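Notes to accompany the following structure.
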Amino acid sequence: MPDALTAPLVSPPLPLSCDAVVIGAGPAGLMAAEVLAQAGMAVQVFDAMPSAGRKFLLAGKGGLNLTHSEPFAPFAARFGARSAQIAPLLERFGAEPLRAWAHGLGVDTFVGTSGRVFPADMKAAPLLRAWLHRLRGLGVQFHMRHRWLGWAPDGALRFAAPQGERQVAARATVLALGGASWPRLGSDAAWVPLLAGKGVDIAPLRPANCGFDVPRVDAPVGPLAQVSRRDFFRELIGRGPALAVGWTPFFAERFAGQPFKSVALSFTASDGRAFARRGEFVATATGVEGSLVYAVSSLLRDEIAAHGHATFFLDLLPSHTPERVLAEVRHPRGARSLSSHLKGRLGLDGIKAAVLYEQLGKDGMQDAALLAQAIKALPITVVAPRPVEEAISTAGGVAFEALDGHLMLQALPGVFCAGEMLDWEAPTGGYLLTASCATGRAAGEGAARWLKLQKQ
């Protein structure tokens, strides 16, 4: 018997009109539907995918990170320039209310060693299954494989469905269509021209929590070299062809997909914003990605947009002092090779040793002072974020200035927006999911309020 989460849902007869339509069956849309249904509204949920919550399920494959346990002030600060807009929504439905909500669905949670909050069984499917069961019990109807096409001249919502185009008149609509990441799961930003055509202000969509490409340069560059990487890029400006990206073939063939473990990454942007954290990330064929890179990705992305490149510094041995590293590098190695020496004295081998050769070259590796400096502060320059469709999440979207205090579009009365299609971003660690749920509830509450006012 097919699983209820993956089997196609049979749509009931499509209503010609209804109280509330929610477009998008991700966490934000499902939250909006729940609030509306609990307020006594007849709710119809539409989604282009064959089943609900596909991105939610994928996010939970490695253990669903539901939220984060840190205090409210630093939690809200994770949303950067949009903290002022997101914080009031989190006050109403933040980390603790989200955990209580999950418990109400029969899903216990726990706080991991990093402060992240997970379901007790680490799985997304049981929570989603219980959630959909609750929604159906509230009378919510689902219409899958229905791609939103915008509005008909009379204001009805248009959908491309397996049986052909369908139209629905809704007294209130909640749009929860996601950003531009993970298009194969439905978040393809097809909504952007539809809203822009209605006069809605939309900030350009950009990759967030993303990887980056390094330039293909087979020579030492950066502050450790005689010619700085900044000067190198200045020379290339205006030459026409785009820079080739990626590590050297030797490095890419042997180390793409391997992690940099137990390292520290630091970066200071031109505007003074700084980042420093220990963790790990992964080398790709063309650059870098992974949790530590995702954490600093907004700063790197903005720096690249402003200056064409960004250089962060990698401490390969954060538990060692610079003095110790220099002493070990200078220790007589006798007949041993440099590789054996670094492995024996400092435990440097594999990808860490390889990236030193990649960045310094053979000559630079023979300079003990330069090598020791590089071990503690190796410059890695990135020149482009990976495409938005490869990103974990999306920055940009519907500007909060285009919304009222209830997340209703000022240009389109009765139409509300929620989730990742709004202009906010946050790091991984439960912040994305929490804000998606919080904005979904706020939009649902706003739509319910609107419907009640219309009936008065």
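Rounded to whole Å and sorted largest first, what semi-axes of the equivalent ellipsoid does the C-alpha gyration tensor of the chain yield via the square root of 5 times each eigenvalue?
On the way: eigenvalues 458, 106, 73 Å².
Computed over the chain, the values are 48, 23, 19 Å.
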Taking the Cβ-Cβ separation of Asp201 and Gln258 as r and a Förster radius of 35 Å, what is the calculated FRET efficiency to the nearest 0.05? 0.20
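Rounded to the nearest 20 debye, what is the charge dipole size of the chain about its Cα centre when +1 sits on each Lys and Arg Cβ and -1 on each Asp and Glu Cβ?
Working: 45 positive and 38 negative charges, 124 e Å.
Its charge dipole is roughly 600 debye.
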Separation between the Ala305 and Asp349 pseudo-spin-labels, each 7 Å from Cα along Cα→Cβ, expressed in nm? 4.4
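Quick one: Asp108, Asp154, fewest Cβ neighbours within 10 Å first, how do they rank?
Asp154, Asp108
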At a Förster radius of 35 Å, what calculated FRET efficiency corresponds to the Cβ-Cβ distance of Ser114 and Asp271, to the nearest 0.05? 0.80
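Quick one: Cα convex hull volume of the range 265-398, Å³ per residue? Intermediate values should be presented prior to the final figure.
Numbers: hull volume 16.5 nm³, N = 134.
Convex hull volume per residue, Cα atoms: 123 Å³.
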Under a crude label model (7 Å from the Cα following the beta-carbon direction), how far is Arg330 from Gln167 in nanometres? 8.2
log10 I(q)/I(0), Debye, Cα-only the range 241-334, no solvent, q = 0.10, 0.11, 0.18, 0.22 Å⁻¹? -0.35, -0.42, -0.97, -1.17
Between the range 42-62 and the range 276-343, the alpha-carbon center distance in angstrom: 38
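Neighbour counts of other C-beta atoms within 10 Å: give me Tyr294, Tyr431, Tyr357 arranged from fewest to most. Could you put the intermediate results ahead of the total?
Values: Tyr294 21, Tyr431 25, Tyr357 16.
Placing the least packed residue first, the sequence is Tyr357, Tyr294, Tyr431.
Please arrange Glu70, Glu91, Glu358 by counting, for each residue, the other beta carbons lying within 10 Å of its beta carbon, fewest first.
In increasing order of surrounding Cβ atoms, one gets Glu91, Glu70, Glu358.
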So Lys61 and Lys362, fully extended at 0.36 nm per residue minus their Cα-Cα distance, gain in nm 104.1 nm
Relative to the longest principal Cα axis of the chain, at what angle does helix 83-92 sit, 0 to 90 degrees, rounded to 10? 50
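If we count every other residue with Cβ under 14 angstrom of Ala170's Cβ, Lys/Arg +1 and Asp/Glu -1, where does the sum land?
Details: positive: Arg158, Arg166, Arg171; negative: Asp19, Asp154.
Around Ala170, the charge tally is +1.
None of the figures in this text is laboratory data; all of them are computed from the coordinates on show. Because the structure is predicted, anything quoted here is derived from the model rather than measured. With ideal geometry, Cβ positions are generated from the backbone for all residues, glycine too; neighbour counts draw on all protein chains shown.
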